[in-house]
Amino acid sequence: MEELVELSRLAPRERGIVHTLVGGRGFVSRLAALGFTVGAPVTMVRNHGQGPVIVLVRDTRIALGRGEAAKVLVRRREDNDGAEGE
Amino acid sequence: MARRANSPLASCDCCTPASADNPLPTGTITVALAGQPNVGKTTVFNLLTGLSQHVGNWPGKTVEQKTGFYACDGWTMRIVDLPGTYSLTANSVEEQVARDFIIRERPDVVVVIVDAATLERNLYLLAELLHLPARVILGLNMVDVAEQQGLHIEPHVLQAALGIPVVPMVASRNQGICELVRTIVGLVRGEIPYAPRRPEIREDHQQVLASLEEIVGPYVPSPYPADWVSLKLLEGDSEITRLVQERMPQEAWEQIQSILHRHEDAVLAVAGGRYDWIGRMVRAAVARPRAGHITLTERVDRIATHPFWGLVLLGAVLAVAFWLTYAVALPIQRWLGSVVVQGIAEQVGRWLAPAPGWLSGLIIEGIIGGVGSMLTFAPILTLFFATMGFLEDVGYMARAAYVMDRFMHLLGLHGKSFLPLFLGFGCNVPAVMGTRIIEERRARLLTILLAPLVPCPARMAVVAVLAPAFFGTRAPWVSGGLVFLSLFALALSGALLNWILFRGERAAFIMELPLYHIPNLRTIGLLVWQRLLAFLRKAGTVILAVSIVVWALSHFPGGTIEESLLGRLGRWLSPVGAWMGFDWRMIVALLTSFIAKENAVATLAVLYGAGRESLPALLRASVSPASGLAFLVATMLFIPCVATFTVMRQETGSWKWTLIGTGFLLLLSLAAAALVFQLARLLGGA
C-alpha cells in the first residue's frame with residue numbers, strides 16, 4: 001500500500017520516496033540542494049517526541065525540525081524490511 | 001627551485017620544471033576553492049597555503065574570507081577559499097559571495113572539493129558551477145572514508161563521464177595535493193582536455209527555459225552568462241530577478257513574469273534535473289556496498305543522538321572540557337598574573353621612578369594593568385578553544401546541536417545556537433563571532449544579543465575574589481547560584497526578546513550531521529590560533545584605548561580617584577545606587593568593569609584603599625552581604641565588556657541592535673540587583 005504522509009510521521013527505519021515539498025521558494029531550494037527532490041528515497045533514522053527528526057537522504061544524515069519535516073510529503077515504501085543505509 | 005619557506009610542500013616535487021617549448025604561466029594564477037561544508041576544503045586550503053593565509057572579511061559583509069599563496073619556480077598561485085555552501089542560490093550571503101566571486105573576478109580555475117563518501121549530494125554544487133564560465137577541477141577528497149564505508153569509486157570513469165579533471169585525494173594524510181597542483185597548472189596551460197558535460201533541466205521544462213532565454217537574451221548584463229540568468233529566473237532567484245527587472249523594458253518584463261507565474265514549481269524541476277544528471281554520472285563510477293553495512297558513525301550516533309543518553313553524553317563531554325580547561329589553565333593564569341605581569345609592572349615602575357606621577361600611573365596602572373590582566377586569560381582561552389575545536393572537527397558538535405535543540409527552542413533559538421553560546425564560557429568575544437554559523441539573520445541576531453549573559457572566566461574571577469569576602473565558606477554555593485542565575489536570565493531573556501522583537505517566529509532547523517572522522521590537528525591548531533589572535537587583537541587595540549581613557553577619567557582632574565571625573569560620576573549616581581545597596585565606590589567599580597570585567601576588583605581595591613589581600617577584610621567591614629550579593633548579581637548580568645561590545649557592533653553590522661542589546665542588559669542587571677538587594681535585606685536583615 002502506498003500512502004502519502006508527512007515525513008515527520010515515518011517511524012524509525014521506515015522508508016519513503018519524496019513526492020512534494022510544501023513551502024516558500026527559499027525553503028524548497030534549501031531542501032532540494034540537500035537532496036530532497038521529487039523521487040529521492042529517504043529513510044527515517046530517529047523520530048522521538050517533539051524534537052527534530054534525523055533522516056537519511058542520498059547518503060547524508062540531515063536533522064530537520066518537526067515543522068520542516070511536516071512540509072515534506074513522501075510515499076511510504078512497501079518494502080520496509082528494516083534494512084539500514086541506502 | 002625556489003619555494004616559499006613556510007609552504008608545507010617544500011619537500012615535494014610538485015612543480016614541473018619549465019622548458020623552452022613548455023613555458024610556465026608567469027605572474028599569478030587565481031584559484032578559487034569551492035565545496036560544501038564538511039568536505040575537508042579547509043584542510044586542503046591549509047595544506048596549500050600554510051601560514052601565508054590571511055583571514056579577513058569579504059568587503060562589506062560579515063562573511064569570513066581566507067586567501068593565501070602557493071608559490072613555485074617563479075609563478076604564484078593565489079588561492080581564495082570561498083565560503084562552504086551547498087548550492088549557489090541567493091538565499092544566503094555566503095552563496096552570493098561565492099557566486100559573485102566566480103562571475104565577477106573570473107578565477108583561472110575553480111577547484112570543487114567533494115566528499116567521496118557522500119558523492120551524490122556533493123556533486124550538486126558542481127552541477128551549479130558548470131553553468132558558470134569557469135574551468136572546474138573536481139577534488140575527490142576523503143577517498144579513504146569512502147572505502148571504509150564500502151564505497152568504491154573509479155576516478156577515471158568519473159572523469160570520462162564528467163569531462164573535467166578528477167583528482168582523488170586524502171587531504172587529512174596530505175595525499176593528492178601534489179597531483180592537484182599539477183592538474184591546476186596543466187589545465188591553465190591547456191595541456192589537459194576540458195569538455196564538461198552540463199546538466200539539463202528536466203524535459204517537461206525545457207521549452208519554458210528556451211522561451212525565457214529568447215526574451216532575456218539581449219538584456220543580460222555582462223559578465224553574467226545568459227543561459228545561467230534564465231535558469232536562475234526560473235528558479236525564482238531573488239537577486240537575479242531584481243537584476244533583470246531593472247534592466248528590462250516593462251512589456252518584456254511582463255512577458256517574463258507571466259511565464260514565471262505559470263511555472264512556480266520550476267525550482268524542483270531544476271534541482272531534479274541536476275540530480276538526474278548526477279545519477280547518470282555516478283552510476284558507472286561508484287560501486288555501492290551490500291545492504292546492511294553498519295558504519296561507525298551509526299554506532300556512535302545510537303548514543304549521541306539518543307533523546308536521553310545523548311544528553312548524558314553531552315553533559316559528560318562538556319564536563320571534561322571544563323575540567324581540562326580549568327585544571328590546566330588556571331594555574332598558568334595565576335602564574336602569568338602574579339609573576340609575569342606583576343614583574344613587568346615592577347620593572348617598569350623602577351625605570352619610570354624619575355618620571356612624573358601621572359605618566360608612571362598611566363603606564364603602569366592604565367596600560368600594563370588594564371591590558372596585562374586581559375592577557376592572563378590567554379591560557380584559559382587557548383585550552384577552551386582547543387577542546388571546542390577538537391569536538392567540532394571530529395563532527396560531534398552537530399550532534400550536540402541536535403540534542404540541545406529542544407531546549408534552545410525555549411529560548412526562541414534552535415540547536416545551532418548552542419555552540420556559539422557555549423563558547424561564551426571561554427570568552428564572549430569568540431562566542432559572538434561564532435554566531436556566523438547560524439544562517440538565518442533573526443536567529444543570529446538573537447544569539448548575539450544573548451551571548452553576553454553566558455558567564456565568562458572574567459566574571460567568575462570577580463566572583464571568586466568577592467564571594468569569599470562576603471560569604472566565607474558558603475562562597476562556592478553562591479558562585480554556583482550566580483551561574484545558574486545567569487543561565488536562567490539567559491533563558492528568560494531569550495524567550496522575552498524573541499517574543500517582543502520577532503513575534504515568536506522561529507527559523508527553520510535544517511542541519512547536516514557529518515560522518516565522524518579523525519580530527520586533523522593542523523586544522524584545529526590554526527582555528528585555535530585564529531580565535532586567540534582575534535581576542536589578542538581586541539586586547540591590544542580597543543581595550544588598550546579604553547583602559548587609557550578610563551584611567552584618565554579616574555585620575556583627572558583631582559589626582560585621586562575620589563576627586564576625579566569618574567568619582568564624581570559615581571557620587572552623582574549614588575541615589576540610584578542606593579536602591580541596590582551600592583555606594584559610590586561600587587558604582588565606579590561597576591563602570592570600570594566595562595573595559596574588562598575583572599577590573600571591578602582592582603577598582604574596589606583602589607577605592608577602599610586596600611591591597612588585594614586585605615580587600616576582602618575591608619569589604620566585610622564596610623559593605624553588607626546584601627549589597628555584596630547585589631553587586632555580584634549586577635556584575636554577572638551587566639553590559640558586555642568593551643571587547644564584546646565592539647564585536648557585537650561588527651557582527652550585527654548595526655549600532656541600533658548593539659545599543660538595544662546593551663540597554664537591555666543594563667536594565668536587566670540593575671533591576672535584578674535591586675530585586676536581590678531588597679529581598680536579601682528583607683530575609684536576612686541588612
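If you filter segment A:1-47 down to residues that are in contact with a helix residue (DSSP H, G or I) (Cβ under 6 Å, 6 or more places away or on another chain) and part of a strand (DSSP E or B), you find that the one that is farthest from the other protein chains (Cβ to nearest Cβ) is A:GLU6.
All of B:PHE594, B:PHE664, B:PHE631, B:PHE645 fail the test of being not aliphatic (A, V, I, L, M) and not in a helix (DSSP H, G or I), apart from B:PHE594. Listed by position, the helices (runs of 4 or more DSSP H) contained in segment B:309-410 that have at least 1 residues being touching a Lys or Arg at 6+ places or on another chain (Cβ under 6 Å) and surrounded by 14 or more Cβ atoms within 10 Å (Cβ to Cβ) are B:378-394, B:396-410.
Might you check whether a residue that is among the aliphatic types (A, V, I, L, M) and part of a helix (DSSP H, G or I) occurs anywhere in segment B:503-516? Within segment B:503-516, none of the residues are among the aliphatic types (A, V, I, L, M) and part of a helix (DSSP H, G or I).
Checked against the criterion of being surrounded by 13 or more Cβ atoms within 10 Å (Cβ to Cβ), within 14 Å of chain A (Cβ to nearest Cβ) and at pLDDT below 90, segment B:242-250 contains not a single residue that satisfies it.
For segment B:214-223: of the residues being under 40 Å from the mean Cα position of the chain (by Cα) and part of a helix (DSSP H, G or I), which is nearest to B:GLN255 (Cα to Cα)? Applying the filter and picking the extreme gives B:VAL216. For segment B:554-572, the criterion of being polar (S, T, N, Q), crowded, with 24+ Cβ neighbours inside 10 Å, more than 25 Å from B:LEU679 (Cβ to Cβ) and more than 32 Å from the chain's Cα centre (by Cα) is satisfied by at least one residue. Would you mind stating whether B:VAL454 is touching a residue at least 12 places away in the same chain (Cβ under 8 Å), β-branched (Val, Ile, Thr) and surrounded by fewer than 22 Cβ atoms within 10 Å (Cβ to Cβ)? Criteria met by B:VAL454.
Every condition in (1) at positive phi; (2) within 14 Å of another protein chain (Cβ to nearest Cβ); (3) not charged (D, E, K, R) is met by B:PRO514 except one, and the failing one is (1). The one condition from (1) within 16 Å of B:ALA32 (Cα to Cα); (2) in contact with an Asp or Glu (Cβ under 7 Å, 6 or more places away or on another chain) that B:GLU128 does not meet is (2).
Could we say that B:MET388 is away from chain A (no Cβ under 14 Å), touching a residue at least 12 places away in the same chain (Cβ under 8 Å) and either closer than 30 Å to B:ILE438 by Cβ or in contact with a strand residue (DSSP E or B) (Cβ under 7 Å, 6 or more places away or on another chain) (or both) here?
Numbers: away from chain A (no Cβ under 14 Å): yes; touching a residue at least 12 places away in the same chain (Cβ under 8 Å): yes; either closer than 30 Å to B:ILE438 by Cβ or in contact with a strand residue (DSSP E or B) (Cβ under 7 Å, 6 or more places away or on another chain) (or both): yes.
Answer is yes for this residue.
Select from segment B:225-246 the residues that are under 13 Å from B:ALA90 (Cβ atoms), assigned to a loop (DSSP other than H, G, I, E, B) and not small (Gly, Ala, Ser) and list them in ascending order. Within segment B:225-246, B:ASP237 is the sole residue that qualifies. Taking the residues in segment A:57-77 that are within 11 Å of another protein chain (Cβ to nearest Cβ) and surrounded by fewer than 21 Cβ atoms within 10 Å (Cβ to Cβ) as candidates, determine which candidate is modelled with the lowest pLDDT. Here the residue is A:ASP59.
Where helices (runs of 4 or more DSSP H) sit wholly within segment B:73-190, those with at least 1 residues that are within 14 Å of chain A (Cβ to nearest Cβ) and among the hydrophobic types (A, V, I, L, M, F, W, C) occupy B:93-100, B:119-129, B:143-148.
Does B:PHE425 satisfy being surrounded by fewer than 24 Cβ atoms within 10 Å (Cβ to Cβ), among the aromatic types (Phe, Trp, Tyr), away from chain A (no Cβ under 14 Å) and in contact with a helix residue (DSSP H, G or I) (Cβ under 9 Å, 6 or more places away or on another chain)? Even if it seems obvious, please write down each step before you answer.
On the way: surrounded by fewer than 24 Cβ atoms within 10 Å (Cβ to Cβ): yes; among the aromatic types (Phe, Trp, Tyr): yes; away from chain A (no Cβ under 14 Å): yes; in contact with a helix residue (DSSP H, G or I) (Cβ under 9 Å, 6 or more places away or on another chain): yes.
Yes; evaluated as a whole, the condition is true for this residue.
The values are calculated or read from the model by the stated rules, or taken from the named source; none is laboratory data. The model shown is predicted, which means the values in this text are computed figures rather than measured ones. Quick reminder, even Gly has a Cβ in these numbers, built from the backbone with ideal geometry, and neighbours come from all protein chains shown.
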